[in-house]
1. In percent, what relative contact order does the stretch 1-104 have, based on Cα pairs under 8 Å that are 6 or more apart in sequence?
2. Any idea what the relative contact order of the stretch 87-173 is, in percent, if you count C-alpha pairs under 8 Å spaced at least 6 apart?
3. Starting from the Cα-Cα distance between residue 36 and residue 135, subtract it from 0.36 nm times their residue separation and give me the gain in nm to one decimal.
4. If the chain between residue 85 and residue 55 were fully stretched, how many nm would it gain, using 0.36 nm times the residue separation less the Cα-Cα distance?
5. Measuring with a 1.4 Å probe in the full set of protein chains, what accessible area per residue, in whole Å², belongs to the stretch 129-173?
6. For the stretch 126-138, what does the Karplus curve 6.51 cos²θ - 1.76 cosθ + 1.60, with θ = phi - 60°, yield as ³J(HN,Hα) per residue in whole Hz, taken in order and with x for Gly and Pro?
7. In whole angstrom, how far apart do the alpha carbon centroids of the stretch 67-91 and the stretch 92-142 sit?
8. Could you work out how much longer the chain between residue 20 and residue 128 gets when fully extended? Use 0.36 nm per residue separation minus the Cα distance between them, nm to one decimal.
Amino acid sequence: SSSVGSGAARGFVIGENSTNLGPQNVYILDTNISAVKGCVVYSCGGLNISNLGILNCVNAFVVYPSSSQAVGGIFANNMQCDTCSGTGMQIYSNGGPVYLVIIENSETNANGTSSSNHGVDIQQGGGTISGVNFINHQAVLNWGNGVLIGPSTYVSFSNPQIGKNSIAGSGVK
């Protein structure tokens, strides 16, 4: 769906036409993405991210496996998903499982143009999401929620800084 980052002008697309865990041991190191749809992960086993800036995109970082795909083992350190017109970080299941996601020292700030755009949005849509861990995450000044968590299993935030969200209107989110 275009809301999660399909179509033209995407920065990184991982495993879009792959099945199961798709590409293995993918590394994104010391990279900046701007003015595109950011990074979309459909299928992958072992995605390692270090020092990734995704700025001024539509949606910054999207995980979206279909029923024939899976995403397992995302390890990210120092990821910045800021000032996007959509949601900063979306971890969705479009039928396929998402598991073992560890995101450290990250931020999703100043994202969105409406109350339906959040800093982090975790939603299970027909598949399962389990083992998602954020360590030292900052979600500030987003139009919707700083963090929105739908049905999922074992989602944790350790030492977060979440505040001054709901820019769409006081008390809206």
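1. Relative contact order, the stretch 1-104: 26 percent.
2. It rounds to 31 percent for the stretch 87-173.
3. 33.0 nm
4. 9.8 nm
5. 53 Å²
6. x, x, 10, 10, 8, x, 9, 10, 10, 10, 6, 9, 10
7. Their Cα centres are 7 Å away from one another.
8. Answer, rounded to one decimal: 37.5 nm.
The values are calculated or read from the model by the stated rules, or taken from the named source; none is laboratory data. Small disclaimer: the values here were computed from a predicted structure and weren't measured. Protein only, heavy atoms only, side chains kept; ligands, DNA and RNA dropped before computing areas. Shrake-Rupley method; radii C 1.70, N 1.55, O 1.52, S 1.80 Å.
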